[in-house]
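The structure appears below as structure tokens.
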Amino acid sequence: MTTGAQTPRSPARPPRSRLRTFLPLGLAAWLVLEIWLLTVVAGASSGFVVFLLLVAGVVLGSVVIKAAGRRAFRNLTETLNQQQSAMRSGIPPEAVRPSSEGNGLMMLGGLLLILPGLISDALGLLMLLPPVQKAVSRYAQRTVERKLRDAGPGTLGDAFRQARMQRPDGKVVQGEVIRDDPDDAPQGPRPPLTR
């Protein structure tokens, strides 16, 4: 039964971004395509061949992720050793550049190999190629730098930009915020600030 009264409208919401609109559709289309391709391969050969392909993808992806993790840990250890030796010899630690060899992209390739499906396996194998890693890394770096440059003050991009600033002395000043608002009545003694 209706009373004739209109339902109250919510305040205007900002429009959805293109990513939020098309990402679920793209994921659904990718999932349908993966399943269809697996059924085509199973029809052309057998279900056992598809099972072997999926198991081989999981095993290869696990090996790739493990190797990338070991390489990342080795690079971290080498960088820390270089910084410690640089500090002993009087060179500032910022002068030592960490060695980044695309471990994250290699782990992404391993993850794509682990996901069941032939398209994700093909993309995972592509991510293991060094020229593809360099191209994806350059594209991602340019995109992040452009987004940080376009970000206005007070946004998340501004916080990242401030975090990237180099402080010459690196000192932190301990302090306490004191408000002189008449509405804020003292609630008793405050504990001292400690580290």
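The values are calculated or read from the model by the stated rules, or taken from the named source; none is laboratory data. Since this is a predicted model, take the numbers as computed values, not measurements. As a convention, Cβ positions derive from the backbone with ideal geometry for all residues, glycine included, and neighbour counts pool all protein chains shown. Calculation scope for accessible area: heavy atoms of the full protein, side chains included, ligands and nucleic acids excluded. Shrake-Rupley method; radii C 1.70, N 1.55, O 1.52, S 1.80 Å.
Could you tell me how many of the residues in region 79-96 are modelled with pLDDT under 75, among the aliphatic types (A, V, I, L, M) and surrounded by 12 or more Cβ atoms within 10 Å (Cβ to Cβ)?
Keep residues of region 79-96 that are modelled with pLDDT under 75, which gives 90-96.
Among the residues that remain, those that are also among the aliphatic types (A, V, I, L, M) are: 91, 95-96.
Subsequent filtering for residues that are surrounded by 12 or more Cβ atoms within 10 Å (Cβ to Cβ) retains 91, 96.
Number satisfying all stated conditions: 2.
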Taking region 120-137 and keeping only residues that are closer than 16 Å to Val58 by Cα, surrounded by 15 or more Cβ atoms within 10 Å (Cβ to Cβ) and of a type in the set (A, V, I, L, M), one is left with Leu123, Leu125, Met127, Leu128
Find all pairs meeting these conditions: Cβ atoms under 9 angstrom apart; at least six residues apart or on different chains; first residue within region 52-67 and under 17 Å from Ala122 (Cβ atoms); second residue open to solvent by 60 Å² or more (accessible area, probe 1.4 Å) and in a helix (DSSP H, G or I). Leu60/Leu125; Gly61/Leu111; Val64/Met107; Val64/Leu111
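Limited to region 17-42, what total is found for residues that are surrounded by 13 or more Cβ atoms within 10 Å (Cβ to Cβ) and either in contact with a Pro (Cβ under 7 Å, 6 or more places away or on another chain) or outside any helix (DSSP H, G or I) (or both)? Talk me through it step by step, then tell me what you get.
The first filter runs over region 17-42 and keeps only residues surrounded by 13 or more Cβ atoms within 10 Å (Cβ to Cβ), leaving 30, 33-34, 37-38, 41-42.
Of the ones still in play, those that are also either in contact with a Pro (Cβ under 7 Å, 6 or more places away or on another chain) or outside any helix (DSSP H, G or I) (or both) are none.
Number satisfying all stated conditions: 0.
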